[in-house]
Structure formats: structure tokens, C-alpha cells
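Undergrad: To start, I am sharing the structure in question, which I have written as C-alpha cells.
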Ligand code: PAF
């Protein structure tokens, strides 16, 4: 089975390295030629605890690769690990070629919402699945990743993609085989029939922790330690929970879960704060911006989500026409 990992960030490198070490044929599709060359020459170094292992992978730059070299008739399993702002027209065109074969699967690992709809429009041949992982990973260099915490991976149909027509049998077989391969590679992966709830659960956590850590420039664990920040967290959590409930999200103890993630990831710099610090475009338009759009769809308003969206956009060194917002 051909496994294509799209994205050479922390999660992409982690999955590629572990699958390759378990004997799978893995191709990593990177954004830059430079990273692809490094991965081809030196493989991926995976650090976990005291252990360091080197995994040999194929690697290509997706942007510059020839369509004839990307496409295969026998279909593919794609793990899409790029961040939301990178899902642009160029990437979608290349993904369409990568998934032109019958029974192709695309597992989408992004934070936030809105991308599955865009992907399903552009990838008519592929079955789209959402993936939610609690594995922690940090990219130490373009070819080195540290597995910072073992977690779980849930995969399944979500949102409109649940109704996406595709070659059921082939895609379903591939899905099962892929889960087996992930588990053999040491991941705790399972199929979920409750992906919408899992995606919304993650959205709630990201909608509170990500913008506020970025705005206050603090690590996750520091966020609730200040009374004003704590009040704002609670208010943003309540507003987001109301919107998600209107959209059909069944949840219990949302606030406790948000606090639990802050505690469990206390030393983490959130992905949004990392993006802001590095001057990269953030996922705010798909996290809190996604909540605002969901609220509008259900006749509600989400002023706090709107406010943090504006503030985080204001932190980025982009002009508005450079943004990829939806
Ligand atoms: O985006 C992130 O940084 C992570 O999803 C989370 C859970 C907020 C931990 O840092």
C-alpha cells in the first residue's frame, strides 16, 4: 500500500518516521526542495525519550514535482498534515493528481473547520476522512522530530465528507489496512463513528487555548494562572460551547477538558503562538473564524471569537491581501 505523507512538519515527520521504521513504503511530500533533499539524503531522525532512530523515506517537493511523477492509477493513502493556510489552490491541484487513482483516501489532520468542504469539492475521486490525534511531536530540524507524548489517533468520516461518494469497498479496505499499519507502527489508532464530536471537541480546546496564548504570549500552562486571563478563557469557552451546541455538538465538561489540556501540555508553546513568534500565517481563520461562521449559520453571534480573530490577525506580519482566509 502506498502511503503519502503531505507536509514535513512535526506530525508529518512523526508519522512518516514510525511507519517507515515499521517497514512501510512512505513518501513525504514537502513544501521545499531543500527539505526533500535532506530527507532523501539523511532520512528522518526520530527521538523518543533517550532513543534516536533513523528512518529512510522517499521525499519530494510537492510544488515542483511533475504531475506525471505524482499521479498513480492504483490509488493512495494520503495523510494530510499541512496547516490550514497551506491548503491553497496550488496544493489542491497537486492533491487532485495524487489522489486520482480509484479508492484513494485522504486523512485530514488539521486544527479548525472549513477545510473538509473545500477538499471534497476539489478531490472528487478521494474518500476524505478527518483525523484527530493527541500524540505530541516537536520538529527539531527539517529532518529531526521528537515524539513528546504518545496519544491516540481517531479517524473517520466527518461533516459533509461523510456523504462523499467514492469507491466504497476499495476505500474501506484501504482504511482498514491503513489502521492496521498505524497500529503495527506503534500508534494507538482506531476508527471513530463520532468524528464530528471529536472534531468539535478539539475545536473548543483550540478556540480557547490557541488565540489567548498567542495574544498573551504565554505557554499553555501559564494561561489559567492569571485571574483576568482565566475569566477570558471561561467566557470564550462558554460562547464557543453555545455555538457548537447549536451546531449539534454533544459534550460534557468542556471547561474542565480545556483546563485539563492546559495542565497536560503546560510546557507547550501552542501552535498559534509558535506561528505568531515565527511570523507565519496562523490558523485563526479556521479556528475562531470557523466558530464565527458556524454561529452565523445558526443565527447566532460570537463576539468574543470575532474579537480574538481580529487581534490574532493583527499580530501577523501580513497585509490583508496576502492572507488565505476563507
Ligand atoms: O494547537 C495546539 O498547540 C494544540 O492543539 C494544543 C492542544 C492547544 C496544545 O498546544
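Undergrad: Students often get this wrong: which residues of segment 1-39 have the backbone nitrogen under 18 Å from the point 7 angstrom along Cα-to-C-beta of residue 188?
TA: Output list for this probe position: 15.
Undergrad: Continuing with the same structure: I'd like to know how the chain sits against the 2.2 N^0.38 Å rule of thumb: what's its Cα Rg over that expected value? If you can, show how the numbers build up before the last one.
TA: Details: Rg = 19.1 Å, N = 326, 2.2 N^0.38 = 19.8 Å.
Compared with the compact-globule rule of thumb, the chain sits at 0.96.
Undergrad: Just the ratio, please: alpha-carbon radius of gyration of segment 31-175 over 2.2 N^0.38 Å, N its number of residues.
TA: So the Cα radius of gyration is 1.10 times the expected 2.2 N^0.38 Å.
Undergrad: Please state the relative contact order of segment 28-157 as a whole percent: Cα pairs under 8 Å, 6+ residues apart?
TA: So the answer I get is 23 percent.
Undergrad: Which order do peptides 277-285, 295-303, 5-13 fall in by mean Cβ count within 10 Å, highest first? Working shown, then result.
TA: On the way: 277-285: 19.0, 295-303: 14.1, 5-13: 25.1.
Answer by packing, highest mean first, reads 5-13, 277-285, 295-303.
Undergrad: Take every Cα pair under 8 Å in the chain that's 6+ residues apart, average their separations, divide by the length, and report that relative contact order as a whole percent.
TA: On the way: 649 pairs, mean separation 48.0, N = 326.
This gives 15 percent for the chain.
Undergrad: To continue, here is another question. With an 8 Å Cα cut-off and a minimum separation of 6 or more residues, compute the relative contact order for segment 182-289 in percent. Spell out each step's value before the answer.
TA: Working: 102 pairs, mean separation 40.3, N = 108.
Worked out over segment 182-289, it gives 37 percent.
Undergrad: What angle do you read, to the nearest 10 degrees and between 0 and 90, between the alpha-carbon axis of helix 254-264 and the longest principal axis of the chain?
TA: Once rounded, one gets 60 degrees.
Undergrad: Taking the highest mean first, how do the peptides 88-96, 15-23 order by number of other beta carbon atoms within 10 angstrom per residue? Kindly include the intermediate steps, with their values, before the conclusion.
TA: Values: 88-96: 15.6, 15-23: 23.1.
Averaged packing, sorted descending, gives the order 15-23, 88-96.
Undergrad: Calculate the translational D of segment 45-89 in whole µm² s⁻¹ from Stokes-Einstein, where the hydrodynamic radius comes from the Kirkwood formula applied to all Cα pairs, the temperature is 4 °C and the viscosity 1.567 mPa s.
TA: D = 93 µm²/s.
Undergrad: Per 0.36 nm of contour for each residue apart, how much would the distance between residue 219 and residue 58 grow if the chain were fully extended, relative to their Cα-Cα spacing? Let's see the in-between values first.
TA: Values: separation 161, 0.36 × 161 = 57.96 nm, distance 3.51 nm.
The span from residue 219 to residue 58 would gain 54.5 nm if fully extended.
Undergrad: If you don't mind, another one. Counting only DSSP beta bridges with both residues in the chain, what percent are antiparallel, rounded to the nearest 5?
TA: Details: 14 of 40 bridges.
Given both bridge residues lie in the chain, the antiparallel proportion sits at roughly 35 percent.
Undergrad: Turning to a different aspect of this structure: Find, to one decimal place in angstroms, the Kirkwood hydrodynamic radius of segment 271-321, where the mean of 1/r is taken over every pair of different Cα atoms and then inverted.
TA: Values: mean 1/r = 0.0880 Å⁻¹.
The answer is 11.4 Å.
Undergrad: Same structure again: As a test of the formula, what do you get for the chain when each DSSP H run with n ≥ 4 contributes -39,500 (n - 2.57) and the sum is divided by the residue count, at 222 nm and rounded to the nearest 500 deg cm²/dmol?
TA: Values: 12 runs with 145 residues, N = 326.
It comes out at -14000 deg cm²/dmol, rounded to the nearest 500.
Undergrad: Taking the Cα atoms only, what angle lies between the long axis of helix 89-98 and the longest principal axis of the chain, rounded to 10 degrees?
TA: Approximately 40 degrees, to the nearest 10.
Undergrad: At a Förster radius of 22 Å, what calculated FRET efficiency corresponds to the Cβ-Cβ distance of residue 298 and residue 251, to the nearest 0.05?
TA: On the way: r = 16 Å, r/R0 = 0.72.
With R0 = 22 Å, the Cβ-Cβ based efficiency is 0.90.
Undergrad: Using only the Cα atoms of segment 187-266, build the gyration tensor, take square roots of its eigenvalues as a ≥ b ≥ c, and label the shape rounded, prolate or oblate: rounded if a/c is under 1.5, else prolate if a/b is larger than b/c, else oblate.
TA: On the way: a/c = 2.43, a/b = 1.46, b/c = 1.67.
Here segment 187-266 falls in the oblate category.
Undergrad: What is the gain in length, in nm to one decimal, between residue 226 and residue 263 on full extension, counting 0.36 nm per residue of separation less the C-alpha to C-alpha distance?
TA: Details: separation 37, 0.36 × 37 = 13.32 nm, distance 1.40 nm.
Computed gain between residue 226 and residue 263 is 11.9 nm.
Undergrad: Between residue 172 and residue 1, what is 0.36 nm times their sequence separation minus the Cα-Cα distance? Round to one decimal in nm.
TA: On the way: separation 171, 0.36 × 171 = 61.56 nm, distance 1.33 nm.
Extra length from residue 172 to residue 1 when fully extended: 60.2 nm.
Undergrad: Is the shape of segment 220-326 best called rounded, prolate or oblate, per the rule: a/c under 1.5 gives rounded, else a/b larger than b/c gives prolate, else oblate, with a ≥ b ≥ c the square roots of the Cα gyration tensor eigenvalues? Could you put the intermediate results ahead of the total?
TA: Working: a/c = 1.97, a/b = 1.08, b/c = 1.83.
Note, shape of segment 220-326 comes out oblate.
Undergrad: Something else about it: Taking the simple approach of a point 7 Å from Cα along Cα-to-Cβ for both residue 102 and residue 234, what is their distance in nm?
TA: Roughly 5.9 nm, to one decimal.
Undergrad: To continue, here is another question. With a 10 Å radius around each residue's Cβ, average the other Cβ atoms per peptide and rank 171-179, 36-44, 107-115, 205-213, highest first. Write down the numbers at each step before the final one.
TA: Details: 171-179: 16.8, 36-44: 18.7, 107-115: 23.0, 205-213: 27.0.
Listed from highest to lowest mean packing, they are 205-213, 107-115, 36-44, 171-179.
Throughout, read-outs are computed from the coordinates displayed, never taken from laboratory work. Predicted model only: the values in this text are computed from it and were never measured. Please note: Cβ atoms are built from the backbone with ideal geometry, for glycine as well, and neighbour counts cover all protein chains shown.
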